[in-house]
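Please read the structure below before turning to the comments.
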Amino acid sequence: MSTQTQELLTVALTLSEIERANLAGSLLRSLDPSPDPLADQAWAAEIERRVQAIDRGEVNLTPWDEVMAAMRTRRNE
């Protein structure tokens, strides 16, 4: 890793979780500058389908803190 890259990473790691997620998303999007509009439409439809399922009570949701705790447990196994 270059010195400049290491410096950027050091600064990035001081950001909040949401800021790091936004930065990561921006970096990933920069790797594929021409997104597929059909894929975007398909994702939008899937998101709408899932939101409606949640609204109808068809889905059991897990609180974020429980998800994170489970992930930490799996990582440490």
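When shorter helices are ignored and each DSSP H run of at least 4 residues is given -39500 (n - 2.57), the per-residue value for the chain at 222 nm works out to -23500 deg cm²/dmol. To test your reading of the geometry: what angle, between 0 and 90 degrees and rounded to tens, separates the Cα axis of helix 37-55 from the longest principal axis of the chain? Approximately 50 degrees, to the nearest 10. Quick one: helix 3-12 against the long Cα principal axis of the chain, what's the angle to the nearest 10°, folded into 0 to 90? It works out to around 40 degrees. For the chain, the longest principal axis of the C-alpha atoms and the axis of helix 64-75 are separated by about 60°. Charges were assigned to the Cβ only: +1 to each Lys and Arg, -1 to each Asp and Glu. The resulting dipole of the chain about its Cα centre is roughly 180 debye. Across all Cα atoms of the chain, the radius of gyration (one decimal) and Dmax (whole number) stand at 17.8, 52 Å.
Computed from the coordinates by the stated procedures, all read-outs in this text should not be read as laboratory data. This structure is a prediction, so every number in the text was calculated from the model and none was measured. Backbone-built Cβ (ideal geometry, glycine too); neighbour counts: all protein chains shown.
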